[in-house]
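Visitor: One structure is given below, represented as C-alpha coordinates, and several questions about it will come after.
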Amino acid sequence: MRKVLIATEKPFARQAVDNISAVFREAGYEMVLLENYKDPGDLLKAVEDVDALIVRSDLVNKDVIGAARKLAVVVRAGAGYDNIDLEASTEKDVVVMNTPGQNSNAVAELAIGMMIYMARNQFNGTSGTELRGKTIGIHGCGNVGMNIARIGRGLQMKVIGFCSYVGMDRLSFAGVKFVDTVENLYSKCQYISLSIPANKDTIGMVNYDLLSLMPAPAVLVNAARKEVVDEASLLRMFEERPDFKYLADIAPDCAGEIAEKFPGRYFFTPKKMGAQTAEANINAGIAAARQIVAYFESGETKYQVNK
Ligand code: 3PG
(Lines give C-alpha, C1' and ligand atoms only; values in the text may rest on other atoms or scores of the structure.)
Protein backbone atom coordinates (compact mmCIF):
# COMPACT_ATOMS: atom_id res chain seq x y z
CA MET A 1 0.00 0.00 0.00
CA ARG A 2 1.33 3.44 -0.95
CA LYS A 3 1.85 5.79 1.99
CA VAL A 4 1.47 9.56 1.62
CA LEU A 5 2.49 12.16 4.20
CA ILE A 6 0.79 15.57 4.36
CA ALA A 7 3.30 17.77 6.20
CA THR A 8 1.96 21.24 6.82
CA GLU A 9 3.53 23.46 9.45
CA LYS A 10 0.69 25.83 8.51
CA PRO A 11 -2.27 23.43 8.28
CA PHE A 12 -4.85 23.26 5.52
CA ALA A 13 -8.48 24.03 6.38
CA ARG A 14 -10.16 20.93 7.85
CA GLN A 15 -12.42 20.53 4.82
CA ALA A 16 -9.37 20.41 2.54
CA VAL A 17 -7.83 17.63 4.66
CA ASP A 18 -11.11 15.68 4.46
CA ASN A 19 -11.19 16.08 0.68
CA ILE A 20 -7.53 15.07 0.28
CA SER A 21 -8.08 12.04 2.44
CA ALA A 22 -11.09 11.03 0.30
CA VAL A 23 -8.88 11.04 -2.82
CA PHE A 24 -6.36 8.73 -1.16
CA ARG A 25 -9.04 6.48 0.36
CA GLU A 26 -10.52 5.94 -3.07
CA ALA A 27 -7.09 5.15 -4.50
CA GLY A 28 -6.41 2.67 -1.69
CA TYR A 29 -3.48 4.66 -0.30
CA GLU A 30 -2.64 5.30 3.34
CA MET A 31 -2.50 8.98 4.36
CA VAL A 32 -0.71 10.35 7.43
CA LEU A 33 -0.84 13.91 8.73
CA LEU A 34 1.90 15.98 10.32
CA GLU A 35 0.44 19.40 11.12
CA ASN A 36 1.59 22.39 13.16
CA TYR A 37 5.01 20.87 13.76
CA LYS A 38 7.67 23.19 15.15
CA ASP A 39 10.71 20.91 15.10
CA PRO A 40 12.17 20.06 11.65
CA GLY A 41 13.23 16.77 13.28
CA ASP A 42 9.56 15.74 13.30
CA LEU A 43 9.46 16.02 9.51
CA LEU A 44 12.71 14.05 9.17
CA LYS A 45 11.16 11.22 11.19
CA ALA A 46 7.79 11.35 9.45
CA VAL A 47 9.20 11.06 5.89
CA GLU A 48 11.24 7.92 6.60
CA ASP A 49 8.85 5.37 5.12
CA VAL A 50 6.56 7.39 2.84
CA ASP A 51 6.22 7.07 -0.93
CA ALA A 52 4.87 10.57 -1.48
CA LEU A 53 4.81 13.89 0.31
CA ILE A 54 2.51 16.93 0.12
CA VAL A 55 3.81 20.20 1.57
CA ARG A 56 3.08 23.93 1.53
CA SER A 57 5.96 26.29 2.36
CA ASP A 58 7.54 23.55 4.49
CA LEU A 59 11.29 23.23 4.02
CA VAL A 60 12.16 20.13 2.00
CA ASN A 61 15.93 20.34 2.07
CA LYS A 62 18.70 17.83 1.37
CA ASP A 63 18.29 16.30 4.84
CA VAL A 64 14.58 15.67 4.32
CA ILE A 65 15.17 14.16 0.89
CA GLY A 66 18.00 12.05 2.33
CA ALA A 67 15.86 10.79 5.23
CA ALA A 68 13.00 9.75 2.95
CA ARG A 69 14.23 6.32 1.86
CA LYS A 70 11.21 5.41 -0.29
CA LEU A 71 10.16 8.86 -1.50
CA ALA A 72 9.17 8.99 -5.20
CA VAL A 73 7.22 12.23 -5.46
CA VAL A 74 6.82 15.54 -3.60
CA VAL A 75 3.98 17.88 -4.45
CA ARG A 76 4.12 21.48 -3.30
CA ALA A 77 0.42 22.31 -2.86
CA GLY A 78 0.85 25.81 -4.22
CA ALA A 79 2.86 27.77 -6.74
CA GLY A 80 6.31 28.68 -5.42
CA TYR A 81 8.73 25.78 -4.90
CA ASP A 82 11.71 27.74 -3.56
CA ASN A 83 11.32 25.71 -0.33
CA ILE A 84 12.27 22.46 -2.07
CA ASP A 85 15.82 21.41 -2.88
CA LEU A 86 15.35 20.47 -6.53
CA GLU A 87 18.94 19.39 -7.04
CA ALA A 88 18.86 16.95 -4.11
CA SER A 89 15.49 15.65 -5.32
CA THR A 90 16.70 15.09 -8.86
CA GLU A 91 19.82 13.35 -7.58
CA LYS A 92 17.61 10.87 -5.73
CA ASP A 93 15.14 10.52 -8.64
CA VAL A 94 12.41 12.21 -6.65
CA VAL A 95 9.84 13.93 -8.86
CA VAL A 96 8.84 17.41 -7.63
CA MET A 97 5.59 19.03 -8.74
CA ASN A 98 3.58 22.12 -7.89
CA THR A 99 -0.12 22.88 -8.40
CA PRO A 100 -0.07 26.09 -10.45
CA GLY A 101 -3.12 28.33 -10.36
CA GLN A 102 -4.94 26.51 -7.57
CA ASN A 103 -4.44 29.17 -4.89
CA SER A 104 -3.86 32.21 -7.08
CA ASN A 105 -7.22 33.91 -6.57
CA ALA A 106 -6.73 33.82 -2.80
CA VAL A 107 -3.28 35.42 -3.10
CA ALA A 108 -4.62 38.06 -5.50
CA GLU A 109 -7.50 38.93 -3.16
CA LEU A 110 -5.03 39.37 -0.31
CA ALA A 111 -2.85 41.72 -2.40
CA ILE A 112 -5.84 43.87 -3.36
CA GLY A 113 -7.20 43.66 0.20
CA MET A 114 -3.94 45.07 1.61
CA MET A 115 -4.11 47.89 -0.96
CA ILE A 116 -7.64 48.88 0.04
CA TYR A 117 -6.76 48.63 3.74
CA MET A 118 -3.83 51.02 3.30
CA ALA A 119 -5.63 53.37 0.89
CA ARG A 120 -8.24 53.80 3.66
CA ASN A 121 -5.58 54.56 6.28
CA GLN A 122 -5.96 51.16 7.91
CA PHE A 123 -9.64 51.90 8.58
CA ASN A 124 -8.72 54.37 11.29
CA GLY A 125 -11.64 56.69 10.56
CA THR A 126 -9.70 59.36 8.63
CA SER A 127 -10.28 60.24 4.98
CA GLY A 128 -8.32 57.99 2.62
CA THR A 129 -8.16 57.42 -1.13
CA GLU A 130 -9.76 55.08 -3.67
CA LEU A 131 -8.16 52.61 -6.04
CA ARG A 132 -10.35 53.57 -8.98
CA GLY A 133 -8.37 55.48 -11.61
CA LYS A 134 -4.98 54.66 -10.05
CA THR A 135 -2.35 52.73 -12.00
CA ILE A 136 -1.18 49.33 -10.85
CA GLY A 137 1.88 47.60 -12.28
CA ILE A 138 1.84 43.83 -12.26
CA HIS A 139 5.42 42.60 -11.94
CA GLY A 140 5.17 38.92 -12.91
CA CYS A 141 2.27 37.87 -15.11
CA GLY A 142 1.58 34.29 -14.08
CA ASN A 143 -1.63 33.07 -12.45
CA VAL A 144 -1.46 35.39 -9.43
CA GLY A 145 -0.48 38.42 -11.49
CA MET A 146 -3.33 37.93 -13.92
CA ASN A 147 -5.84 37.49 -11.09
CA ILE A 148 -4.66 40.78 -9.61
CA ALA A 149 -5.06 42.34 -13.07
CA ARG A 150 -8.62 40.98 -13.32
CA ILE A 151 -9.63 42.38 -9.93
CA GLY A 152 -7.81 45.65 -10.61
CA ARG A 153 -9.78 46.07 -13.83
CA GLY A 154 -12.97 45.38 -11.89
CA LEU A 155 -12.02 48.25 -9.60
CA GLN A 156 -11.47 50.42 -12.68
CA MET A 157 -7.75 50.72 -12.10
CA LYS A 158 -5.36 51.20 -15.02
CA VAL A 159 -3.37 47.97 -15.24
CA ILE A 160 0.11 47.60 -16.74
CA GLY A 161 2.04 44.32 -16.83
CA PHE A 162 5.63 43.19 -17.19
CA CYS A 163 6.96 39.65 -17.18
CA SER A 164 10.34 38.17 -17.99
CA TYR A 165 9.00 34.59 -17.74
CA VAL A 166 6.01 34.64 -20.06
CA GLY A 167 7.20 35.88 -23.48
CA MET A 168 5.83 39.25 -24.67
CA ASP A 169 4.15 37.49 -27.62
CA ARG A 170 2.12 35.31 -25.22
CA LEU A 171 1.09 38.15 -22.91
CA SER A 172 -2.45 39.23 -23.48
CA PHE A 173 -5.22 40.14 -21.07
CA ALA A 174 -8.29 42.27 -21.71
CA GLY A 175 -7.70 45.85 -20.63
CA VAL A 176 -4.07 45.31 -19.60
CA LYS A 177 -1.21 47.08 -21.33
CA PHE A 178 2.10 45.21 -21.33
CA VAL A 179 5.47 46.98 -21.35
CA ASP A 180 8.76 45.47 -22.45
CA THR A 181 11.09 46.61 -19.70
CA VAL A 182 10.83 46.45 -15.95
CA GLU A 183 12.00 50.08 -15.69
CA ASN A 184 9.10 51.10 -17.89
CA LEU A 185 6.71 49.38 -15.50
CA TYR A 186 8.02 50.99 -12.32
CA SER A 187 8.21 54.48 -13.83
CA LYS A 188 4.51 54.42 -14.77
CA CYS A 189 2.90 52.94 -11.68
CA GLN A 190 1.97 54.37 -8.33
CA TYR A 191 1.10 50.82 -7.16
CA ILE A 192 3.45 47.94 -7.98
CA SER A 193 2.37 44.42 -7.11
CA LEU A 194 4.95 41.64 -7.07
CA SER A 195 4.06 38.15 -8.25
CA ILE A 196 7.47 36.81 -9.21
CA PRO A 197 9.07 33.62 -7.87
CA ALA A 198 12.14 33.71 -5.62
CA ASN A 199 15.12 32.29 -7.49
CA LYS A 200 18.69 33.23 -8.32
CA ASP A 201 17.53 35.75 -10.94
CA THR A 202 14.97 37.51 -8.76
CA ILE A 203 16.33 37.54 -5.21
CA GLY A 204 17.04 41.20 -4.38
CA MET A 205 15.97 42.38 -7.86
CA VAL A 206 13.41 44.91 -6.53
CA ASN A 207 16.06 47.44 -5.58
CA TYR A 208 16.46 51.19 -5.14
CA ASP A 209 17.07 51.79 -8.85
CA LEU A 210 13.65 50.34 -9.65
CA LEU A 211 11.68 51.58 -6.65
CA SER A 212 12.89 55.15 -6.99
CA LEU A 213 11.34 55.27 -10.48
CA MET A 214 7.83 54.99 -9.01
CA PRO A 215 5.74 58.17 -9.13
CA ALA A 216 4.45 59.51 -5.80
CA PRO A 217 2.59 58.42 -3.79
CA ALA A 218 4.23 55.02 -4.23
CA VAL A 219 2.94 51.76 -2.78
CA LEU A 220 4.83 48.48 -3.14
CA VAL A 221 2.70 45.36 -2.61
CA ASN A 222 4.45 42.05 -2.08
CA ALA A 223 2.37 38.88 -1.92
CA ALA A 224 5.26 36.91 -3.46
CA ARG A 225 8.42 36.32 -1.39
CA LYS A 226 10.22 38.70 0.96
CA GLU A 227 13.59 37.78 -0.59
CA VAL A 228 12.83 39.43 -3.95
CA VAL A 229 12.96 42.89 -2.34
CA ASP A 230 16.38 44.25 -1.44
CA GLU A 231 16.00 45.38 2.16
CA ALA A 232 18.69 48.09 2.13
CA SER A 233 16.82 49.63 -0.81
CA LEU A 234 13.56 49.32 1.06
CA LEU A 235 14.92 51.24 4.06
CA ARG A 236 16.44 53.87 1.77
CA MET A 237 13.09 54.37 0.03
CA PHE A 238 11.30 54.76 3.38
CA GLU A 239 13.94 57.28 4.46
CA GLU A 240 14.08 59.36 1.26
CA ARG A 241 10.48 59.16 0.08
CA PRO A 242 7.89 60.10 2.72
CA ASP A 243 5.21 59.07 0.20
CA PHE A 244 6.46 55.46 0.03
CA LYS A 245 4.50 52.59 1.62
CA TYR A 246 5.17 48.85 1.74
CA LEU A 247 2.54 46.14 2.12
CA ALA A 248 3.74 42.58 2.36
CA ASP A 249 2.48 39.08 2.99
CA ILE A 250 5.17 38.21 5.54
CA ALA A 251 7.38 40.82 7.11
CA PRO A 252 10.86 41.65 5.85
CA ASP A 253 13.81 40.99 8.17
CA CYS A 254 14.04 44.74 8.79
CA ALA A 255 10.39 44.95 9.95
CA GLY A 256 11.37 46.09 13.45
CA GLU A 257 13.30 49.07 12.10
CA ILE A 258 10.45 49.98 9.73
CA ALA A 259 7.90 49.76 12.55
CA GLU A 260 10.01 51.98 14.78
CA LYS A 261 10.94 54.65 12.22
CA PHE A 262 8.04 54.70 9.76
CA PRO A 263 4.76 54.09 11.58
CA GLY A 264 1.60 54.06 9.47
CA ARG A 265 3.47 53.41 6.24
CA TYR A 266 3.55 49.63 6.22
CA PHE A 267 1.44 46.55 6.75
CA PHE A 268 2.84 43.06 7.23
CA THR A 269 0.88 39.87 7.79
CA PRO A 270 1.95 38.01 10.94
CA LYS A 271 2.23 34.74 8.99
CA LYS A 272 2.24 34.18 5.23
CA MET A 273 -1.46 34.01 4.54
CA GLY A 274 -2.08 34.76 0.85
CA ALA A 275 -3.25 31.19 0.30
CA GLN A 276 -5.00 30.87 3.67
CA THR A 277 -8.55 30.36 2.46
CA ALA A 278 -10.64 27.21 2.59
CA GLU A 279 -11.13 27.43 -1.18
CA ALA A 280 -7.40 27.70 -1.96
CA ASN A 281 -6.57 24.88 0.48
CA ILE A 282 -9.23 22.64 -1.04
CA ASN A 283 -8.21 23.41 -4.64
CA ALA A 284 -4.47 23.03 -4.09
CA GLY A 285 -4.82 20.08 -1.72
CA ILE A 286 -7.10 18.05 -3.99
CA ALA A 287 -4.94 18.87 -7.03
CA ALA A 288 -1.83 17.69 -5.14
CA ALA A 289 -3.53 14.44 -4.08
CA ARG A 290 -4.79 13.74 -7.59
CA GLN A 291 -1.37 14.47 -9.09
CA ILE A 292 0.18 11.90 -6.74
CA VAL A 293 -2.37 9.25 -7.67
CA ALA A 294 -1.97 10.04 -11.39
CA TYR A 295 1.80 9.79 -11.03
CA PHE A 296 1.72 6.36 -9.38
CA GLU A 297 -1.10 4.95 -11.50
CA SER A 298 -0.14 6.26 -14.95
CA GLY A 299 3.23 8.04 -14.71
CA GLU A 300 1.68 11.50 -15.25
CA THR A 301 4.28 14.25 -14.70
CA LYS A 302 2.58 17.31 -16.22
CA TYR A 303 3.44 19.67 -13.36
CA GLN A 304 6.92 18.35 -12.65
CA VAL A 305 9.29 21.24 -11.95
CA ASN A 306 12.60 19.33 -11.81
CA LYS A 307 12.56 17.85 -15.31
C1 3PG B 1 2.44 29.74 -2.99
O2 3PG B 1 3.61 29.81 -3.39
O3 3PG B 1 1.65 28.91 -3.45
C4 3PG B 1 1.94 30.74 -1.98
O5 3PG B 1 2.95 31.58 -1.56
C6 3PG B 1 1.23 30.09 -0.81
O7 3PG B 1 2.09 29.46 0.09
P8 3PG B 1 1.53 28.64 1.35
O9 3PG B 1 0.90 27.40 0.86
O10 3PG B 1 2.72 28.38 2.21
O11 3PG B 1 0.55 29.51 2.07
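Visitor: Distance in nm between label sites at residue 236 and residue 120, each 7 Å beyond Cα in the beta-carbon direction?
Guide: 3.6
Visitor: Follow-up question, since we're still on this one. Within 12 Å, Cβ to Cβ, of residue 84, how many net charges do the neighbouring residues add up to if Lys/Arg are +1 and Asp/Glu are -1?
Guide: Charge balance in the 12 Å sphere: -1.
Visitor: In nm, to one decimal, how far is the residue 304 label point from the residue 26 one, both placed 7 Å along Cα→Cβ?
Guide: My value for the distance between the label points is 2.5 nm.
Visitor: Also: From largest to smallest, what semi-axes in whole angstrom does segment 148-307 give when each is the square root of 5 times an eigenvalue of its alpha carbon gyration tensor?
Guide: Numbers: eigenvalues 195, 85, 49 Å².
Here the semi-axes work out to 31, 21, 16 Å.
Visitor: Further question: In the calculated pair distance distribution of the chain, what percentage of Cα-Cα distances lie above 34 Å?
Guide: 26
Visitor: Provide the per residue accessible area, probe 1.4 Å, for segment 144-296, rounded to a whole number of square angstrom.
Guide: 44
Visitor: Size of the dipole of segment 104-268 about the Cα centre, Lys and Arg at +1 and Asp and Glu at -1 on the beta carbon, nothing else charged, in debye to 20? Working shown, then result.
Guide: Working: 17 positive and 17 negative charges, 137 e Å.
My answer is approximately 660 debye.
Visitor: To test your reading of the geometry: what angle, between 0 and 90 degrees and rounded to tens, separates the Cα axis of helix 104-119 from the longest principal axis of the chain?
Guide: Value to nearest ten degrees: 30.
Visitor: Roughly speaking, to the nearest percent, how much of segment 104-268's 1.4 Å accessible area is carbon and sulfur?
Guide: Carbon and sulfur: 51 percent of the exposed surface of segment 104-268.
Visitor: Give the angle, between 0 and 90 degrees and rounded to the nearest 10, that separates the Cα long axis of helix 143-154 from the longest principal axis of the Cα atoms of the chain.
Guide: 40
Visitor: For the chain, give the magnitude of the charge dipole about the Cα centre (Cβ charges: +1 Lys/Arg, -1 Asp/Glu; no others), in debye to the nearest 20.
Guide: 900
Visitor: Using the structure shown, list the pairs from 134/271; 38/245; 10/158; 70/271; 134/302 with a Cα-Cα distance above 30 Å, or answer none. Working shown, then result.
Guide: Details: 134/271 28 Å; 38/245 33 Å; 10/158 35 Å; 70/271 32 Å; 134/302 39 Å.
Long pairs (Cα-Cα over 30 Å): 38/245; 10/158; 70/271; 134/302.
Visitor: Still on this structure: Using 0.36 nm per residue, how much length does the chain from residue 49 to residue 187 gain when fully extended, once their Cα-Cα distance is taken away?
Guide: Separation in residues times 0.36 nm, less the Cα-Cα distance, equals 44.4 nm.
Visitor: Any chance you could give the angle, 0 to 90 degrees and rounded to 10, that helix 231-240 forms with the longest Cα principal axis of the chain?
Guide: 20
Visitor: Another question, then. With label points built 7 Å along Cα→Cβ from the Cα atoms of residue 15 and residue 166, find their separation and express it in nm.
Guide: 2.8
Visitor: Work out from phi, with θ = phi - 60° and the Karplus expression 6.51 cos²θ - 1.76 cosθ + 1.60, the ³J(HN,Hα) of each residue of segment 48-61, listed in order in whole Hz, and give x for Gly and Pro.
Guide: Each residue of segment 48-61 in turn: 3, 10, 9, 8, 8, 9, 10, 9, 10, 8, 4, 6, 10, 9 Hz.
Visitor: Once a ≥ b ≥ c are taken as the square roots of the eigenvalues of the Cα gyration tensor of segment 1-45, is the result rounded (a/c under 1.5), prolate (a/b larger than b/c) or oblate (a/b not larger than b/c)?
Guide: The shape class here is oblate.
Visitor: Along the positive direction of the dipole of segment 104-268 (beta-carbon charges: Lys, Arg +1; Asp, Glu -1; about the Cα centre), which of 137, 222, 256 reaches farthest?
Guide: 137
Visitor: What net charge do the residues around residue 231 carry, taking every other residue with its C-beta under 14 Å from that of residue 231, with Lys and Arg at +1 and Asp and Glu at -1?
Guide: Around residue 231, the surrounding residues sum to -1.
Visitor: Would you grab the residues whose amide H sits under 5 Å from the one on residue 135? Only those 5+ places off in sequence or on another chain, please, with H modelled 1.01 Å from N.
Guide: When sequence neighbours closer than 5 places are left aside, the close amide H contacts are 158, 190, 191.
Visitor: About the Cα centre of segment 21-114, what is the dipole size in debye to 20, counting +1 per Lys and Arg Cβ and -1 per Asp and Glu Cβ, all else neutral?
Guide: It works out to roughly 100 debye.
Visitor: May I pose another question? Among 125, 46, 203, pick out the residue whose Cα is farthest towards the positive end of the charge dipole of the chain, where Lys and Arg carry +1 and Asp and Glu carry -1 on C-beta, about the Cα centre.
Guide: 125
The values are calculated or read from the model by the stated rules, or taken from the named source; none is laboratory data. Owing to the predicted nature of the structure, the values given are computational and were not obtained by experimental measurement. Here the Cβ is made from the backbone with ideal geometry for all residues, glycine too, and neighbour counts use every protein chain on show. The area values use the complete protein model at the heavy-atom level, side chains included, leaving out ligands, DNA and RNA. Shrake-Rupley method; radii C 1.70, N 1.55, O 1.52, S 1.80 Å.
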